[in-house]
1. What are the residues in region 240-269 that are under 14 Å from residue 285 (Cβ atoms) and out of contact with any Lys or Arg (no Cβ under 9 Å at 6 or more places or on another chain), if any?
2. Looking only at region 216-248, filter to residues that are open to solvent by 60 Å² or more (accessible area, probe 1.4 Å) and among the hydroxyl-bearing types (Ser, Thr, Tyr); which one of those is modelled with the highest pLDDT?
3. Just to be sure before I move on: is residue 13 part of a helix (DSSP H, G or I), in contact (Cβ under 8 Å) with a residue 40 or more places away in the chain, open to solvent by 30 Å² or more (accessible area, probe 1.4 Å) and under 22 Å from residue 210 (Cα atoms) in the structure I sent?
4. Considering region 178-193 alone, what residues qualify as being without any contact (Cβ under 8 Å) to a residue 60 or more places away in the chain, open to solvent by 60 Å² or more (accessible area, probe 1.4 Å) and either under 9 Å from residue 52 (Cα atoms) or more than 31 Å from the chain's Cα centre (by Cα) (or both)?
5. So, in region 162-177, exactly how many residues are among the aliphatic types (A, V, I, L, M), under 19 Å from the mean Cα position of the chain (by Cα) and open to solvent by 60 Å² or more (accessible area, probe 1.4 Å)?
6. State all residues of region 72-83 that are under 19 Å from residue 137 (Cα atoms) and at pLDDT 70 or above; if no residue qualifies, say none.
Amino acid sequence: MSLLPQNPWTTLKEWLLVTLGIALYVLAWSVFLVPNNLVGGGVTGISSIIQYATHGAIKIGYPYFVINAVLLGAAFFIMGSSFGAKTIYAIILASVGLNVCQGLIPESIIQTLALDNGKLMCTIMGGIMAGLGIGLSMSAGGSTGGTDIIALIVSKYRNVSPGKMIVAMDFVIILSSFFIPSYMADGSRVGWADKFTTVIYGLILVMVNGQVIDMYLSGSRQSVQLFILSHKYAQIADALTQELHKGVTVLPAKGWYSQQDSHVLMVISRKNDLSLMLRYIKMIDPKAFLSVGSITGVYGKGFETIKEKVPKQMQEEQ
């Protein structure tokens, strides 16, 4: 049983952030990207290619939902992971929104905001808006699923960086749009020259989208180091390890002024978990003395992996 009671307002705020993030993501595609026949990465990119190839008969939302459902099922079966209700909610909401919004938004708004500004500007604006939406959703514990699930499954069995896998898959998806027939909303077929520029715009879209997500989440991806001084150090250590599953190191210490023996807790964690840890510590000992510092280059379980290859001779010796 958790030491901290569930705050209804915090829960509501998280679900609202996921909803707002998905709404921004859906609007980015419905207003800026789809009207220009632009293609991005991930499952949404695959779904957009299907819509363009079928004259709009199969809207983005349908393949988006089916592909994500298959990927989630595979992940549950292979990895045994629990993606949570927010991820399932986000996928369903995005699937419905990608279909419905294409018919709800007036053409005059799309013409003014998107078509009149050209494909390059729409690529940038759509990438920024979609990246912000994904960032909002991820910060609240949601996820749009997609090819990152494939990357996680592959990385479980192969020593391959998930980030590189996602970039590679995005590149293949965008490049494939060049070879698949595509049609505009009026039924006219997209020419080879336009398809070539679509590939270039797609690569720009992926870069803009990823950069915005990184900028939004950069603070939460940083790591922090906590030093905790408290006479209730044992209770705090138990709470952090048992409730939050954090690694805690107990260091023997001695206060030079008081000449009394004590203990210091050292914890290294992701920055996005800092607020919750501080709440636990304050609840157990409001008078605890804390030191929090930002750190980089944390390697080990739960953090970054050292990518340098071990020489074959050393591997044999081990």
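1. The initial filter retains those residues of region 240-269 that are under 14 Å from residue 285 (Cβ atoms), namely 240, 262-265.
263, 264, 265, listed by residue number.
2. Of all residues in region 216-248, those open to solvent by 60 Å² or more (accessible area, probe 1.4 Å) come to 216, 221-222, 227, 229, 231-233, 235, 238, 242, 245.
Next, from what is left, pick out any that are among the hydroxyl-bearing types (Ser, Thr, Tyr): 216, 233.
Working: 216: 72, 233: 93.
Taking the candidates together, the pick is 233.
3. Working: part of a helix (DSSP H, G or I): yes; in contact (Cβ under 8 Å) with a residue 40 or more places away in the chain: yes; open to solvent by 30 Å² or more (accessible area, probe 1.4 Å): yes; under 22 Å from residue 210 (Cα atoms): no.
Criteria not met by residue 13.
4. Looking only at region 178-193, we keep the residues that are without any contact (Cβ under 8 Å) to a residue 60 or more places away in the chain, and these are 178-179, 186, 188-189, 191-193.
Of the ones still in play, those that are also open to solvent by 60 Å² or more (accessible area, probe 1.4 Å) are 179, 186, 189, 192-193.
Of everything in region 178-193, those that are without any contact (Cβ under 8 Å) to a residue 60 or more places away in the chain, open to solvent by 60 Å² or more (accessible area, probe 1.4 Å) and either under 9 Å from residue 52 (Cα atoms) or more than 31 Å from the chain's Cα centre (by Cα) (or both) turn out to be 186, 189, 192, 193.
5. 1
6. 72
Rundown of residues vs (1) buried (at least 22 other Cβ atoms within 10 Å of the Cβ); (2) small (Gly, Ala, Ser); (3) more than 22 Å from residue 56 (Cα to Cα), yes/no style:
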| position | (1), (2), (3) |
| --- | --- |
| 95 | yes, yes, no |
| 99 | no, no, no |
| 103 | no, yes, no |
| 120 | no, no, yes |
| 134 | yes, no, yes |
| 139 | no, yes, yes |
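Residue by residue, here is whether (1) touching a residue at least 40 places away in the same chain (Cβ under 8 Å); (2) within 27 Å of the chain's Cα centre (by Cα) holds:
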residue: 103; (1), (2): no, no
residue: 108; (1), (2): no, no
residue: 112; (1), (2): no, no
residue: 115; (1), (2): yes, no
residue: 124; (1), (2): yes, yes
residue: 127; (1), (2): yes, yes
residue: 136; (1), (2): yes, yes
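The values are calculated or read from the model by the stated rules, or taken from the named source; none is laboratory data. These figures come from a predicted structure and were not determined experimentally. A quick note on method: Cβ atoms are made from the backbone with ideal geometry, for glycine too, and the neighbour counts reach across all protein chains shown. The area values use the complete protein model at the heavy-atom level, side chains included, leaving out ligands, DNA and RNA. Shrake-Rupley method; radii C 1.70, N 1.55, O 1.52, S 1.80 Å.
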